[in-house]
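See structure below.
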Amino acid sequence: MVNLSVGSVGYFGQRSGTHNLSGKLINVGWEPETTSIIKPFVSIRYDDILADKIVIGTSVTAGLSAIF
């Protein structure tokens, strides 16, 4: 199953003496369709942080999720 999320995010306390930064994020992930309570997943997250200039961050996450 493929998951997609798009949203806004706030970054608090990143710079002393300035306002809190805002940004947008896009997250795309995959996990297999299975009846098992433990599922592997992988996700790629892309952030645009709106500061003096646009700062771009990308991360990859892999792990296991458990459903009870």
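Checking each residue in the range 49-68 for being touching a strand residue (DSSP E or B) at 6+ places or on another chain (Cβ under 8 Å) and more than 25 Å from Phe12 (Cβ to Cβ) picks out Ala62, Gly63, Leu64, Ser65, Ala66, Ile67. Any idea which residue in the range 32-53 is nearest to the chain's Cα centre (by Cα), counting only those that are loosely packed, with under 10 Cβ neighbours inside 10 Å and either of a type in the set (A, V, I, L, M) or part of a strand (DSSP E or B) (or both)? Looking at the filtered set, the residue picked out is Ile38. Filtering the range 54-68 to residues that are surrounded by fewer than 10 Cβ atoms within 10 Å (Cβ to Cβ) and farther than 22 Å from Leu4 by Cβ leaves Ala66, Phe68. Being outside any strand (DSSP E or B) and without any contact (Cβ under 8 Å) to a residue 40 or more places away in the chain is a property that holds for Phe68. What residue, of Tyr11, Tyr46, is modelled with pLDDT of 90 or more and among the aromatic types (Phe, Trp, Tyr)? Among Tyr11, Tyr46, only Tyr46 is modelled with pLDDT of 90 or more and among the aromatic types (Phe, Trp, Tyr).
Scanning the range 1-13 for any residue that is aliphatic (A, V, I, L, M), without any contact (Cβ under 8 Å) to a residue 60 or more places away in the chain and out of contact with any strand residue (DSSP E or B) (no Cβ under 6 Å at 6 or more places or on another chain) turns up at least one such residue. The sole residue among Ser22, Ser16 that is part of a loop (DSSP other than H, G, I, E, B), modelled with pLDDT under 90 and either of a type outside the set (Val, Ile, Thr) or exposed (fewer than 13 other Cβ atoms within 10 Å of the Cβ) (or both) is Ser16.
Taking first residues from the range 39-54 that are under 15 Å from Asn27 (Cβ atoms) and partners that are not in a strand (DSSP E or B), the Cβ contacts under 6 Å between residues at least 6 apart in sequence or on separate chains come to Phe41/Glu31.
The values are calculated or read from the model by the stated rules, or taken from the named source; none is laboratory data. All values reported here derive from a predicted model rather than from experimental measurement. So basically every Cβ, Gly included, is an ideal-geometry build from the backbone, and we count neighbours across all protein chains shown.
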